[in-house]
């Protein structure tokens, strides 16, 4: 069915951010986040990403000259929903990473090697305009035009965390990220623009028992994708994020973000149920925080209720 082919890889696009789970949420590049899907589709995604560069898992860490390498494996599940007559989606992302590298911690050289669970993420999204909830049969006649949507993603603090270490895979705090965006199709070309803000709870057990509060991180991104047909598409994207100044034990730090990234995503079908995606991104400019390169691969299997 044409609608089945057209929806191939869409959820994988929205879950590619799982491959970046070891970095701040605001840095994720996510093309085609707000497009329509037929109700009752299920997606299971397995992925791998390799990251290297100067990275900091929290802008308030006393870490300088970090040279880290991270291998991340991801399992994710998504399901398309009917939310009050609008199309929506629920997804959960569970990443597991292995980190190694060197850095200056409070001026002293340190090595770090650790593996474990990252903080999982759970998200609910809904298309508010231009994307009604449709069955597969009705979706086959649907044409993408202008879609406006919103989402809320929650980071759950159950990842690996050691209060005696400056660099960890988990964050030991909750995060919540509301997001709004739109997708506009111009024939084979689709333009996406989104904006969001990430809020953080307090970390009361940070690096030796300190207390850390972090200001919200504001983010915006744009993606331009081209549909080559038969489920093949490619997207170029860029994101900018700012804010996130931290306060440690009541003392404000001069570490507000003002960073940008760019990336390329390519989606390829394997057969009717399987598809894969290649992804790469790199930092353009960095004031503080992470400056790194990422390459990733994800494989997706999808099935429809009753099929």
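Before moving on, here are some points about what is shown:
- Extreme residue, surrounded by the fewest Cβ atoms within 10 Å (Cβ to Cβ), among residues of the stretch 224-239 that are modelled with pLDDT of 90 or more and touching a helix residue (DSSP H, G or I) at 6+ places or on another chain (Cβ under 9 Å): 229
- Restricted to the stretch 252-261, and to residues there that are assigned to a strand (DSSP E or B) and surrounded by fewer than 15 Cβ atoms within 10 Å (Cβ to Cβ), the residue that is modelled with the lowest pLDDT is 258.
- Restricting the stretch 164-189 to residues that are touching a strand residue (DSSP E or B) at 6+ places or on another chain (Cβ under 6 Å) and more than 30 Å from residue 127 (Cα to Cα), the residue that is surrounded by the most Cβ atoms within 10 Å (Cβ to Cβ): 169
- Residue within the stretch 39-46 that is modelled with pLDDT under 80 and surrounded by 17 or more Cβ atoms within 10 Å (Cβ to Cβ) present: no
- Residue within the stretch 173-181 that is farther than 23 Å from residue 39 by Cβ and in contact with a helix residue (DSSP H, G or I) (Cβ under 6 Å, 6 or more places away or on another chain) present: yes
Per-residue answers, yes or no, for (1) without any contact (Cβ under 8 Å) to a residue 40 or more places away in the chain; (2) under 20 Å from residue 129 (Cβ atoms):
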position: 149; (1), (2): no, yes
position: 156; (1), (2): yes, no
position: 164; (1), (2): no, no
position: 190; (1), (2): no, yes
position: 194; (1), (2): no, yes
position: 198; (1), (2): no, no
position: 204; (1), (2): yes, no
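- Condition check for residue 196: within 20 Å of residue 168 (Cα to Cα) and in contact with a strand residue (DSSP E or B) (Cβ under 7 Å, 6 or more places away or on another chain): no
- Listed conditions (1) touching a strand residue (DSSP E or B) at 6+ places or on another chain (Cβ under 6 Å); (2) at pLDDT below 95 are all met by residue 161, apart from (1).
- Enumeration of residues in the stretch 225-251 that are on the phi > 0 side of the Ramachandran plot and part of a loop (DSSP other than H, G, I, E, B): 230, 231, 244, 249, 250
- Output for the stretch 265-279, where each listed residue is farther than 18 Å from residue 34 by Cα and surrounded by fewer than 19 Cβ atoms within 10 Å (Cβ to Cβ): 268, 269, 270, 271, 272, 273, 274, 276, 278
- Evaluating residue 290 against the criteria (1) in contact with a helix residue (DSSP H, G or I) (Cβ under 9 Å, 6 or more places away or on another chain); (2) at pLDDT below 90; (3) under 27 Å from residue 190 (Cβ atoms) leaves one unmet condition, (3).
- Here the stretch 78-135 is the region considered, the condition is being within 29 Å of residue 68 (Cβ to Cβ) and assigned to a loop (DSSP other than H, G, I, E, B), and the residue that is modelled with the lowest pLDDT is 106.
- Residue that is farthest from residue 52 (Cα to Cα) [pool: residues in the stretch 71-90 that are under 16 Å from the mean Cα position of the chain (by Cα) and crowded, with 23+ Cβ neighbours inside 10 Å]: 89
- Restricting 140, 103 to residues that are touching a helix residue (DSSP H, G or I) at 6+ places or on another chain (Cβ under 6 Å) and either within 29 Å of residue 200 (Cα to Cα) or surrounded by fewer than 19 Cβ atoms within 10 Å (Cβ to Cβ) (or both) narrows the list to 140.
The values are calculated or read from the model by the stated rules, or taken from the named source; none is laboratory data. Owing to the predicted nature of the structure, the values given are computational and were not obtained by experimental measurement. Neighbour counts are summed over all protein chains in view; Cβ atoms, including those assigned to glycine, are modelled from backbone coordinates with ideal geometry.
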